[in-house]
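Peer 1: First, the structure itself, so that you have it in front of you.
Values quoted throughout were computed directly from the atomic coordinates according to the rules given, and no laboratory measurement underlies them. Quick caveat: nothing in here was measured; it's all calculated off a predicted structure. Here the Cβ is made from the backbone with ideal geometry for all residues, glycine too, and neighbour counts use every protein chain on show.
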Amino acid sequence: MGNQADDEEGAPLVNPEPGDAPVQSGTESDATSEVIASTKTSRAWIRLLPVLVVLVVILVFVFQNPKDVKVSLFTISGTLPLSVALLGAVILGALMALALGSVRIFQLRKQVHRKRERREKD
């Protein structure tokens, strides 16, 4: 009928009203209508999957780049596996970005706090 789809028996499908619980024939309505809430533990497992993928990629990188290279930092020099040297550089870069980002967040929070104090005085 017009824009509505029909089910197998030919009757038009009805849009459910808000608050209507879905009921399936032949099953208990209590078991199918209960929604399982998300918990911190379930969200932690979901967040763990990308970490595991990154860990696997890092391990593959380390095992594929075992060749020793000469590394110099200021006056210190030595030989390290290429993968360790590159991972160290990435970690140092990430720590620098984290430090700069933290300083910027601190500055922004301080500005917001000052603006709130000014509004409260007015």
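Peer 1: Using only the C-alpha atoms of the range 29-121, find the volume of their convex hull and express it per residue in Å³.
Peer 2: 167
Peer 1: Once label points are set 7 Å from the Cα along Cα→Cβ at both Arg118 and Val103, what is their separation, rounded to one decimal in nm?
Peer 2: 2.4
Peer 1: Still on this structure, I have one more. To make sure I understand the rule: partners must be lysines, Cα under 18 Å from the Cα of Lys121, and not fewer than 8 residues away in the same chain. Which ones qualify?
Peer 2: Lys110
Peer 1: Hand me the chymotrypsin sites (Phe, Trp or Tyr not before Pro) from the range 27-122 located in a DSSP loop with no more than 16 other Cβ atoms within 10 Å, in residue order please.
Peer 2: Here the sparse-neighbourhood loop sites are Phe74.
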